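Here's the structure, in structure tokens; my notes come after.
Read-outs throughout are calculated quantities, based only on the coordinates presented, and are distinct from any laboratory measurement. The structure displayed is predicted, hence computed values, not measured ones. All Cβ positions, glycine included, derive from the backbone under ideal geometry; neighbour counts span all protein chains shown.
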Amino acid sequence: MPKIFRGNEYKVLLYRLLLAYVFYFFARLLFFIYNASLLNISSTYEFFRLYYHGLAFDTTAILYSNGLFIILSIIPAVVNTKRSYQNMLFYVYFICNITIWSTNFIDLIYYRFIFSRTTFAVMDSLEHESNKMVLFSNFLVNYWHVFLLLFVLSAGWIYLYKKVKVRPETPMIHGKYFIFSTVAFLGIVTLAIGGIRGDFKKSTRPINLLDANRHVTNVSQGDFVLNTPFAIIRTLNVNTFKNVYMVSDKDIETYVQPIKEYHNNPASKPNVVVLIMESNGREYFGSFNKNQNIPGFKGYTPFVDSLAQHSLIFTNAYANGFKSIHGMSSILAGVPSFKDAYTSSAFVKQKTQSLVSVLKEEGYDTSFFHGAPNGSMGFLGFGNILGIEHYYGKTEYNNDADFDGVWGIWDEPFFHYMKTVLDKKPQPFMATLFSVSSHEPYKVPEKYAGKFPKGDVNIHEGIGYSDYALRQFFAAAEKEPWFKNTIFVLVADHANTIFYDEYRKEFMRNTVPILFYTADERFKGVNDDWAQQIDIYPTILDMIGYQKPFRSWGRSLINEGGQEPFVIKFSANLYQYMSGNYICTFDGKKVVGFYDKDDKGMLNNLISKRTPEMEILEIKVKSFIQDYMNRIVDKKLDI
């Protein structure tokens, strides 16, 4: 029978869109199951309360994914109900939906490493990897259950889609048909635009990642409210590096002190060796956890723990980013990464004063060692921007017999390779090593099977192996003439898999060890003050007696009486500024919380009980962000 109104088509369209909500629910449920210990959701009521608020983010993602499908389903035409047309819609629907929805499954695993939903910035990390298929195959093998869940749910989605079909009807070629279809088309498109924005209010902007924290009792719950497609879509080609003006230049000069100058030590030119240990979170080191009072605590780094007794160590240190390349920029250049990675931004290709450039000017030979395929992680490209003279990677090592099959050369032989290269270097030299073996898939060489404790989570055995590789490196290096004239720095790029509940707390995430060692032990002791990766660059310059002005957002960790200890990092879609007795959380425009420095779980927001110290803390975080943004955007990272 010829038709004028298209009720059946609209009902079927609604059914198909509701199916997407169902499978977004399953994806969020799996995200909770895989990461429950990190999300602080304590009851069924809280689960569904947060899920309710997450529907707005699901709506945006679903409508973005189905925009083409919706238009093709309701466009005023006379072929919509034909079998061939519906078959075409089937492929449009699932190509768009499954491709975007499946990104949720990335964070079943990846969330435990970065403590936030994956954003579009992940593409920057992947583009530098030459062995993408190897990495994918390895992920497929180790996390087969994720792929199985993806396949099973996708098959169920397809099955349910096919259960309800559009009836084949012949439309009446009549003005009423086209008028009704056009009005319905415009109405549905308008509703879709409102759904994508989050509401129809002219006064509000489209919802973004920060809005996920509006209804939570703990900031980590914001990642449960979000979904990964939304996080990726909302960060497509988004530039968060913009000039900001919140405080005066005097405030920046007082609280940030972006231009440093030290006169604490006599000028000298010792070698500098920076050891950046992949994924070596502070949790794994016994020497850095003596005062944490964690019941039954076990460490996995006997060599570093023994070295710590002869070193200056900082037991309350943090990473200034959450990826390996963020660690490189924070440690060597003193440039942290916050909401978006500086190294992924349009502003990275600018002259940047750094530990590398300063030491080069002082006559140092500079080199970077990383046993992965050259260019992996973006290290080679960023190293070139900093002016590192020599890059030693898997290519230069030139012996695939020691390749771990996934990431790069095993740590033990590659550490030894660095030592043999340094033996031939003219002094003074600066060398940076970025380790490989404590990376997923957390394997150790077959000859060491059973040598290191398996521990409680998958990374512990690999941490033990990398610690052993360090032991072998130091044992060999201390026999060389250059060893006694070298400052060694040990730090991690970021944290990794968590076992102890203490490190699941929001303000304990992404903590790292920082250790300085010299053979004469002139820097020795245990310091519990706030410390961070960006402090390493100014600390080394202070240690060697560099007495010229230089740009740094960090502070010297050995300059007593200097800038007050602090940490700034980005987590749970908020800046977190730690200093003195409090931790301040800042959303980029306003302060949203103050917490006691010992309230690492964010249990008691003190914002309603402001003190003068809190007021100063607010000025400090605004000053830091303003100087950070403006120097990057205005290309003033050189002095």
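For this structure, a couple of remarks:
- Calculated Rg and Dmax of the Cα atoms in Å (choose from [x] 28.3, 90; [y] 27.2, 96; [z] 27.9, 102), label: [y]
- GLU478-PHE48 FRET efficiency (beta carbon distance; Förster radius 56 Å; 0.05 resolution): 0.40
- Helix axis angle, 175-197 relative to the chain longest principal axis, alpha carbon, degrees: 20
- Sites ASN264 and PHE297 - FRET efficiency at Förster radius 45 Å, r taken between beta-carbons, to 0.05: 0.80
- For segment 551-561, the Karplus equation 6.51 cos²θ - 1.76 cosθ + 1.60, evaluated at θ = phi - 60°, returns couplings of 8, 7, 8, x, 9, 6, 7, 10, 9, 5, x Hz by residue, with Gly and Pro reported as x.
- Loop GluC sites (Glu not before Pro), segment 482-579, which have at most 13 other Cβ atoms in a 10 Å radius of their Cβ (DSSP): GLU521, GLU560
- Our helix-only sum for the chain, with -39,500 (n - 2.57) per DSSP H run of n ≥ 4 divided by its residues, gives a mean residue ellipticity at 222 nm of -13000 deg cm²/dmol.
- Summarising the amide proton neighbourhood of THR432: residues at separation of 5 or more, or on other chains, whose placed amide H is nearer than 5 Å comprise VAL274, SER367, PHE368, PHE369.
- Sites listed here are trypsin sites (Lys or Arg not before Pro) in segment 288-343 whose DSSP assignment is loop and whose Cβ has at most 15 other Cβ atoms within 10 Å: LYS290, LYS298.
- The alpha-carbon of LYS260 sits under 18 angstrom from the alpha-carbons of these aspartates and glutamates, leaving out residues fewer than 8 places away in its chain: ASP249, ASP251, GLU361, GLU362, ASP535, ASP542, GLU560, GLU564, ASP627, ASP638.
- Neighbour net charge for ILE639 - beta-carbon separation under 13 angstrom, K R +1, D E -1: +4
- Taking a point 7 Å out from the Cα of LYS425 in the direction of its Cβ, the residues of segment 530-554 whose backbone N falls within less than 20 Å of it are 536-546.
- Cut-off 11 Å between beta-carbons: net charge of the residues surrounding TYR51, Lys and Arg +1, Asp and Glu -1: 0
- Restraint check, LYS590/LYS620; LYS569/LYS620; LYS419/LYS479; LYS298/LYS323, Cα-Cα greater than 20 Å: LYS298/LYS323
- Residue ranges 243-254, 382-393 sort as 382-393, 243-254 when ordered by packing (mean number of other C-beta atoms within 10 Å per residue, highest first).
- The trypsin sites (Lys or Arg not before Pro) found in segment 398-468 that occupy coil by DSSP, while having at most 12 further C-beta atoms within 10 Å, are LYS424, LYS451, LYS454.
- Segment SER37-GLN350, extension gain: residue separation times 0.36 nm, minus the distance between their alpha carbons: 108.6 nm
- Summed residue charge, Cβ within 14 Å of HIS494's Cβ, Lys/Arg positive, Asp/Glu negative: +1
- Calculated FRET value between ILE95 and LYS242, using beta carbons and R₀ = 35 Å, to 0.05: 0.50
- In the chain, Cα pairs under 8 Å separated by at least six residues give a relative contact order of 20 percent.
- Short-range pairs are left out: with C-alpha atoms under 8 Å and at least six residues apart, the relative contact order of segment 433-558 is 16 percent.
- Here the Karplus curve 6.51 cos²θ - 1.76 cosθ + 1.60, taken at θ = phi - 60°, turns the phi angles of segment 597-612 into couplings of 4, 8, 8, 5, x, 6, 8, 9, 6, 9, 4, 7, 10, 4, 10, x Hz, with x standing for Gly and Pro.
- Considering only the chain, percent of DSSP beta bridges that pair antiparallel, nearest 5: 50
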